[in-house]
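Participant: Shown below is the structure under consideration.
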Amino acid sequence: MELIFLGTSGSIPTVQRGIPSIALKRDREILLFDVAEGTQRQMAIAHISPMKVSAVFITHLHGDHFLGLAGLVQTMSLLFRTAALDVYCPAGERGRLETYLKIAHYTLTFEVRINELSPGEEIRRNGYRIMTSEANHPVPSLAYAFAEDDRPGRFDMGKAEALGMKSGPDFSKLKAGLSVKLKDGRTVRPEDIMGPPRPGRKIVYTGDTKPSEQIVKLAKGADVLIHDCTFSDELADMADENSHSNPAKAADVAIRADVRQLVLTHISPRYDDDTVLLEQAKKVFPNTVVARDLLVIEIPLRK
């Protein structure tokens, strides 16, 4: 599984950074979180096919987070896409998105399904859940968590052999969570052979937000927390006034949520050099990186 940062600037694109969009690549599926202007070109550079995007999750309807959606939909139609596309947005914003998508003159070859989500609501997809919380921003805003289903525990070959079992179909049944009846009449349950379930991977993206207890809760135990970091610590008051965040506060969220890695994004165009942001965050939470356009982060399975 990979995270590909397609745009990492805040509000305005720069020579170095496009505006917000993140791709999550899992097996053959691609999820997009926010889709700013310029996302399509970044996808082309990153070799991400629009045809493999199964869902788009929009944090809020400020222009720098969704105005690339119409162009992406048009490109999908020009490529004769037939599979439906699910688009998720904060509750109450469906009408605005539908109106926006009707502005351009193009013929759709597939269905675009606009779905509203309320803070705290979650949806189940193939092998994972998308959970939500409220983001602290002036317009209806969501933070999203991608959480894989737990994986089966490790198969204990020693225990299986001690019960007189041999490799074969019965092993497959146990691994699939099914009990097996032996020839001597004994029943072997998966928990007799398998270790405890192993957690799947979890990634959290805040969108634009002040730090909040809701996001701490959503991010608990995440492998990666992608957090707003628009301004440096010297401008913490400005960050607060504009409902954004700064390195020390984002890092504090990472600590309290007990995440494995913090990634700072939505960087103000005033920072040609993001070193100061990185240094300030690392003083609080050492395992921090500042996202750059086309940065790829691999998320391994937990052991």
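Participant: Counting Lys +1, Arg +1, Asp -1, Glu -1, what net charge surrounds Tyr128 among other residues with beta carbon under 10 Å of its beta carbon? All intermediate terms of the calculation are to be shown ahead of the outcome.
Facilitator: On the way: positive: Arg26, Arg124, Arg125, Arg129, Arg201, Lys202; negative: Glu29, Glu148, Asp149.
Result for the neighbourhood of Tyr128: +3.
Participant: Find the relative contact order for segment 1-147 and round it to a whole percent, using C-alpha pairs within less than 8 Å whose residues are 6+ positions apart. Show your work: numbers first, answer last.
Facilitator: Working: 297 pairs, mean separation 24.8, N = 147.
Taking the mean separation of contacting Cα pairs over the length of segment 1-147, I get 17 percent.
Participant: Here's another thing I want to ask about it. Can you give the three extents of the C-alpha atoms in segment 111-243 along their principal axes, from longest to shortest, in whole Å?
Facilitator: Largest first, segment 111-243 extends 72, 40, 21 Å along its Cα principal axes.
Participant: Multiplying the sequence separation of Glu279 and Asp252 by 0.36 nm and subtracting their Cα-Cα distance, what value in nm do you get?
Facilitator: Working: separation 27, 0.36 × 27 = 9.72 nm, distance 1.40 nm.
Once the chain is fully extended between Glu279 and Asp252, it gains 8.3 nm.
Participant: Efficiency by 1/(1 + (r/R0)^6): what FRET value for Tyr106 and Ala44, r their Cβ-Cβ distance, R0 = 22 Å, to the nearest 0.05? Intermediate values should be presented prior to the final figure.
Facilitator: Numbers: r = 19 Å, r/R0 = 0.86.
The calculated FRET efficiency here is 0.70.
Participant: Provide the solvent-accessible area of Ile4, counting protein heavy atoms only and rolling a 1.4 Å probe, rounded to the nearest 10 Å².
Facilitator: Only protein atoms counted, so the area is about 10 Å².
Participant: Please work out the FRET efficiency for the pair Asp237 and Gln16, using the Cβ-Cβ distance as r and a Förster radius of 25 Å; give the result to the nearest 0.05. Display every interim value, and only then the final one.
Facilitator: Details: r = 26 Å, r/R0 = 1.04.
So, using R0 = 25 Å, E works out to roughly 0.45.
Participant: Before anything else, pin down the relative contact order of the chain: Cα pairs under 8 Å, at least 6 apart, normalised by residue count, whole percent.
Facilitator: Working: 684 pairs, mean separation 53.0, N = 303.
Relative contact order comes out at 18 percent.
Participant: Of the residues Lys217, Lys25, Lys249, which exhibits the maximal mean-square fluctuation in a Gaussian network model of the chain defined by a 10 Å Cα contact cut-off?
Facilitator: Its mean-square fluctuation being the largest, the pick is Lys217.
Participant: Something else about it: So how strong a dipole does the chain carry about its Cα centre when Lys and Arg Cβ are +1 and Asp and Glu Cβ are -1, to the nearest 20 debye?
Facilitator: Values: 39 positive and 40 negative charges, 334 e Å.
Dipole about the Cα centre, nearest 20: 1600 debye.
Participant: Further question: Pop the C-beta distance of Ser118 and Arg302 into the FRET formula with R0 = 25 Å and round what comes out to the nearest 0.05. Present the calculation step by step, with values, prior to reporting the outcome.
Facilitator: Details: r = 30 Å, r/R0 = 1.20.
Approximately 0.25, to the nearest 0.05.
Participant: A follow-up question, please. Return the Rg/Rh ratio of segment 55-161 with Cα-based radii and a Kirkwood Rh.
Facilitator: Dividing the radius of gyration by the Kirkwood radius yields 1.15.
Participant: A further question follows. Per DSSP H run of n ≥ 4, the term is -39500 (n - 2.57); total these for the chain, divide by its residue number, and report the mean residue ellipticity at 222 nm rounded to 500 deg cm²/dmol.
Facilitator: Taken over the chain, the calculation gives -6500 deg cm²/dmol.
Participant: Leaving ligands, DNA and RNA out of it, work out the accessible area of Leu295 with a 1.4 Å probe and give it in Å² to the nearest 10.
Facilitator: The accessible area of Leu295 comes to roughly 50 Å².
Participant: Now for a separate question. Considering only Pro152, Val56, Gln74, whose Cα is most displaced toward the positive end of the charge dipole of the chain, charges sitting on Cβ of Lys, Arg (+1) and Asp, Glu (-1)?
Facilitator: Checking the options against the dipole of the chain, the answer is Pro152.
Participant: If you don't mind, there's one more thing I want to ask. Please tell me which of these pairs span more than 32 angstrom C-alpha to C-alpha: Lys173/Lys303; Lys52/Lys283; Lys181/Lys217; Lys52/Lys181; Lys175/Lys202; Lys217/Lys282? Mind dumping the intermediate values first?
Facilitator: Working: Lys173/Lys303 22 Å; Lys52/Lys283 39 Å; Lys181/Lys217 43 Å; Lys52/Lys181 43 Å; Lys175/Lys202 23 Å; Lys217/Lys282 22 Å.
From Lys173/Lys303; Lys52/Lys283; Lys181/Lys217; Lys52/Lys181; Lys175/Lys202; Lys217/Lys282, over 32 Å: Lys52/Lys283; Lys181/Lys217; Lys52/Lys181.
Participant: How big is the Cα convex hull of segment 1-101 in projection, averaged over all directions, in nm²? Please list the in-between numbers first.
Facilitator: Values: hull surface 25.3 nm².
For segment 1-101, the mean projected area of the Cα convex hull comes to 6.3 nm².
Participant: Segment 53-85 to segment 123-193: how many Å between their Cα centroids?
Facilitator: 33 Å
Participant: Each residue of segment 80-89 in turn: what ³J(HN,Hα) in whole Hz from Karplus with 6.51, -1.76, 1.60 and θ = phi - 60°, glycine and Pro shown as x?
Facilitator: Whole-Hz 3J(HN,Hα) from phi for segment 80-89: 6, 5, 10, 6, 5, 10, 8, 10, 10, 8.
The values are calculated or read from the model by the stated rules, or taken from the named source; none is laboratory data. Predicted model only: the values in this text are computed from it and were never measured. Note that each Cβ is placed from the backbone with ideal geometry, even for glycine, and that neighbours are counted across all protein chains shown. These accessible areas exclude ligands, DNA and RNA; they are computed on the full protein's heavy atoms, side chains included. Shrake-Rupley method; radii C 1.70, N 1.55, O 1.52, S 1.80 Å.
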